[in-house]
Amino acid sequence: MGAQMRGSVPYCKCGLCGKTMRRTSLRTHMQDKHQPSADIQCCFCDKVFRTYNSLHKHQSVYHREQRLKQRARSFMLALPSPHTP
Ligand SMILES: [Zn+2]
Ligand SMILES: [Zn+2]
């Protein structure tokens, strides 16, 4: 009597940092510490993405013209001026 049942609570180890915690807190821990925050912002709008892949996909759908314009502009800047004074 009075002896605590050790191991009755399902403990588990975080696969990323090795911290041991109750299984129920693992999800919160993962979200708190290891969930990659969506931090790649589209430069044309306020949308934020987790991967560059999805950003590029989004831009090619919603900002195709803007991207082309931007590319053209940087291309023009790279060229020597055609007008010599
Ligand atoms: Zn962890
Ligand atoms: Zn966008």
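Any read-out appearing in this document is the output of simple, stated calculations on the displayed coordinates, not a laboratory observation. Nothing here was measured: the structure is a model prediction, and the numbers come from that model. Heads up, the Cβs are rebuilt from the backbone with ideal geometry, glycines too, and the neighbour counts pull from every protein chain shown.
Remarks
- The range 32-55 - residue that is part of a helix (DSSP H, G or I) and within 13 Å of the chain's Cα centre (by Cα) and, of those, surrounded by the most Cβ atoms within 10 Å (Cβ to Cβ): 55
- Of all residues making up the range 19-63, the number that are away from ligand 1 (no atom under 11 Å from the Cβ) and more than 22 Å from residue 9 (Cα to Cα): 28
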